[in-house]
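Data first, discussion second: the structure below is written as structure tokens.
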Amino acid sequence: MKILYSDEFIKYSEPGHPDSPERVKAIKMVLQKKGMGEFISPVPCSEEELLLAHTEELIRKVKENSFYDPDTPNIPDIYHYAALSCGSAVNAAFFSLDGEIGFSLARPPGHHAGRNTVGGFCYFNNIAVAVKKVLKEHKIKIAVLDIDGHHGNGTEELLKDTEGVIYVSLHQHPAFPGTGTTSFSNCYNFPVFPGSSAESYMKKFEKAIDIIRSFSPDLLGISLGFDAHCSDPLLNMTLEDIHYYQMGKKISEIKTNIFLLLEGGYNVKTVGNTCYCFLNGVVSQRKGQ
């Protein structure tokens, strides 16, 4: 496994904001302690690559810090950090095409950013840019599975009706951003009521996996959030570490190239081990353990 990481991802913060550098630090510390993967520095996304998914207006606003969103702060040099996070996702996708498992351990996250909008802690849509970059260079089928606890409204907006692509999301509803209640076109949504049992979540997860398996993608991208964990402060979900391990194994049973990128997950005391459990599930299945 190639883990795309840079210390730049822990250099910015907003006091009291859930997307803190500590959550990435916590994951990195556990993965290094467990000897999981090879850490590699990412390359920033170019403006040309960002334009595959976003408007010139949005890119300019992020560069100039001239946007406004109550959840998505105007942090100095945020364009630099967001472009590096997006580039990290692109790097992870291309590593996976070479048979590696690429994991982008980066922030800020991306799945709420739309074509012309920031939102939900996200400035650029990392996984959508990665998918569109791959499609520009390769005529292949790509599935995106979003297991962040919030619906990836931006990813859905950017990938809907895209030929050769499906978007599949499991998420709490009602919750921010209030979307993802129905399936349509190439977008498959599995809303989960707050407080639902882990068993009911996993049944929906199995249905999501069946859809992806039937699609038979050449590449599978995972928007990997950990805010569906029972300890997360932002949602009311019930998954535990064992469920993330099981999801990792199930995902890895799909015989295709896989890349992953970090979205949410805001309990810094638990997120490191939860991430390790998921990645261990992916890797152990690939090794036949």
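Details
- Residue, nearest to PHE226 (Cα to Cα), within segment 14-38, restricted to residues that are without any contact (Cβ under 8 Å) to a residue 12 or more places away in the chain and assigned to a loop (DSSP other than H, G, I, E, B): GLY16
- When the residues of segment 209-229 are filtered to those that are more than 16 Å from the chain's Cα centre (by Cα) and of a type outside the set (S, T, N, Q), the one that is surrounded by the most Cβ atoms within 10 Å (Cβ to Cβ) is PRO217.
- A Cβ distance below 8 Å, combined with a sequence gap of six or more or placement on separate chains, defines the contacts here; from segment 70-92, residues that are modelled with pLDDT of 95 or more reach residues that are in a helix (DSSP H, G or I) and basic (Lys, Arg) in the pairs TYR79/LYS63; VAL90/LYS133.
- Looking only at segment 230-289, and only at residues there that are among the aliphatic types (A, V, I, L, M) and under 15 Å from the mean Cα position of the chain (by Cα), the one that is surrounded by the fewest Cβ atoms within 10 Å (Cβ to Cβ): ILE251
- Selection from segment 151-189 of residues that are in a loop (DSSP other than H, G, I, E, B), out of contact with any Pro (no Cβ under 7 Å at 6 or more places or on another chain) and crowded, with 23+ Cβ neighbours inside 10 Å: GLY152
- Condition met for GLU47 (within 21 Å of ASN153 (Cβ to Cβ), of a type in the set (Asp, Glu) and either modelled with pLDDT of 95 or more or out of contact with any Leu (no Cβ under 8 Å at 6 or more places or on another chain) (or both)): no
- If the condition is being closer than 17 Å to ARG107 by Cβ and part of a helix (DSSP H, G or I), then segment 230-277 contributes VAL271, GLY272, THR274, CYS275.
- On inspection, ILE142 qualifies as crowded, with 24+ Cβ neighbours inside 10 Å, under 28 Å from ILE254 (Cα atoms) and either among the β-branched types (Val, Ile, Thr) or at pLDDT below 95 (or both).
The values are calculated or read from the model by the stated rules, or taken from the named source; none is laboratory data. For clarity, every value in this text was computed on a predicted model and none was experimentally measured. Ideal geometry is used to build each Cβ from the backbone, glycine not excepted, and the neighbour counts take in all protein chains shown.
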